[in-house]
Every structure is written in C-alpha cells, then in structure tokens.
Amino acid sequence: MLELETGSASETEALAAQLALRLVPGDVVLVQGELGAGKTTFVRGACRALGVSAPVTSPTFTIGHLYEGRVTVAHLDLYRFTEVSAAEWGDLEPYFDRTIAFVEWPEAGMAALPPARVTVALAHAGADRRRIRLDASEPALLEGLERADHRVRHRD
Ligand code: ADP
Ligand code: MG
C-alpha cells in the first residue's frame, strides 16, 4: 500500500503516468473516489503515458471507451450499475480482452470483474490537494512511485 498526496491535476496525471508504464495488457485498475475526486484525471494521465492521443473523458452515455495507444486502453464507468449481472458482463467482457483496463466506480462490478492488479482510491484533501491510496496485488509494482514530486504520507 502506498498513500500520497498530489497538489494539482497535473501531479495526479504524472503519478498515473508512472504507474501506467508498469502495466501490461490484461491488467485491471480499479479507480475509486467520490465525484470530482480525480478518477478521470488519473485515467487521462495513464492514457497519455500509454500513447493515447484521443480526448479522455468520463464514459457518460456508454459503459466504456476503448482507446488505441501503444496498447489498447479500456476506460469504464460503472456509476449507473447497482450490480453487474451475467448478461451485463457479456457487454463488459470485450473491454478486458487484451487491454489495460481502468474502471471508475467499480463497486457494483466487484463480483464480476477480473481480479484487479491495482486499486486506486482518491479523496479530496482541500482545494487542489488529493489523497491517493494505491494497493497492488504485488507490492513491488508500487516501489519507487513515491520518488516523483508527490508527498508520501505512508507506505507499508
Ligand atoms: P472524477 O472522475 O473523480 O469525478 P475528474 O477527474 O473528472 O473527477 O475531476 C477532478 C477535478 O478536480 C478536475 O477538474 C481536476 O482538474 C480537479 N483537480 C484539482 N486538483 C486535483 C488533483 N490534485 N488531482 C486530480 N484532480 C484535481
Ligand atoms: Mg469520472
């Protein structure tokens, strides 16, 4: 687990970019946090690092977006789901096929989604500050991420 703070949207994007460069197709990243916490900002930073040049915006009218970069990046938002049924999983599954997948509001999909390699939780910490907690299935994935600009609060 790694917990740190960023002081601007671009710092959050830079952190996401560093993480993204460690990911490979098949990886799933859950991105949690209330409205405006910076979930889409985080995904945008990751997409840029992965070579996506298309605009990265919340998938509001669709379940998700697929972006072509150096790899295919999936960006899903499960905000409108209360629970992902088997039938709905059929719609979601292609987004996880050989992509690096970022899932905003993943709570409803927990039972159906593939296991996450990383879970990111963002929280407001006053003005443009955000507290960001990262949990990885293998702790080594997060090693060294705190070496950039970000203020580390805690690591274990
Ligand atoms: P969400 O997807 O969680 O609803 P967004 O990423 O769409 O959130 O919006 C976050 C907003 O907060 C953006 O307007 C962004 O510029 C702003 N912001 C300010 N400070 C930060 C920060 N440290 N990290 C991320 N976003 C920030
Ligand atoms: Mg969003």
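A Cβ distance below 8 Å, combined with a sequence gap of six or more or placement on separate chains, defines the contacts here; from region 23-40, residues that are at pLDDT 95 or above reach residues that are charged (D, E, K, R) and in a loop (DSSP other than H, G, I, E, B) in the pairs Leu23/Arg117; Pro25/Arg98; Gly26/Arg98; Asp27/Arg117; Val28/Arg117; Val29/Arg117.
Identify all residues within region 18-49 that are charged (D, E, K, R) and either closer than 13 Å to Val73 by Cβ or within 16 Å of ligand 1 (Cβ to nearest atom) (or both); write none if there are none. Talk me through it step by step, then tell me what you get.
Here is the first cut: in region 18-49, the ones charged (D, E, K, R) are 22, 27, 34, 39, 44, 48.
Within region 18-49, Asp27, Glu34, Lys39, Arg44, Arg48 qualify.
If the condition is being of a type outside the set (A, V, I, L, M, F, W, C), closer than 18 Å to Arg22 by Cβ and buried (at least 17 other Cβ atoms within 10 Å of the Cβ), then region 102-134 contributes Arg117, Thr119, Arg133.
Return the only residue of Thr57, Thr12 being within 14 Å of ligand 1 (Cβ to nearest atom) and open to solvent by 20 Å² or more (accessible area, probe 1.4 Å).
Just a single option satisfies the conditions, and that option is Thr57.
Please work out if Ile100 is more than 15 Å from ligand 2 (Cβ to nearest atom) and out of contact with any Ser or Thr (no Cβ under 7 Å at 6 or more places or on another chain).
It is true that Ile100 is more than 15 Å from ligand 2 (Cβ to nearest atom) and out of contact with any Ser or Thr (no Cβ under 7 Å at 6 or more places or on another chain).
Residues of region 23-39 that are buried (at least 19 other Cβ atoms within 10 Å of the Cβ) and not in a strand (DSSP E or B): Leu23, Asp27, Gly33, Ala37, Gly38, Lys39.
Being open to solvent by less than 10 Å² (accessible area, probe 1.4 Å), assigned to a helix (DSSP H, G or I) and farther than 18 Å from Ala136 by Cβ, is that true of even one residue in region 72-88? No; the residues of region 72-88 include none that is open to solvent by less than 10 Å² (accessible area, probe 1.4 Å), assigned to a helix (DSSP H, G or I) and farther than 18 Å from Ala136 by Cβ.
Kindly indicate whether Thr62 is within 16 Å of ligand 2 (Cβ to nearest atom) and open to solvent by 50 Å² or more (accessible area, probe 1.4 Å).
Details: within 16 Å of ligand 2 (Cβ to nearest atom): yes; open to solvent by 50 Å² or more (accessible area, probe 1.4 Å): yes.
Spelling it out, Thr62 is indeed within 16 Å of ligand 2 (Cβ to nearest atom) and open to solvent by 50 Å² or more (accessible area, probe 1.4 Å).
The values are calculated or read from the model by the stated rules, or taken from the named source; none is laboratory data. The structure presented is a predicted model; accordingly, all values stated were derived computationally and were not measured. Counting neighbours? That spans all protein chains shown, and the Cβs are built from the backbone with ideal geometry, glycine included. These area figures cover heavy atoms from the full protein model, side chains too; ligands, DNA and RNA do not enter into them. Shrake-Rupley method; radii C 1.70, N 1.55, O 1.52, S 1.80 Å.
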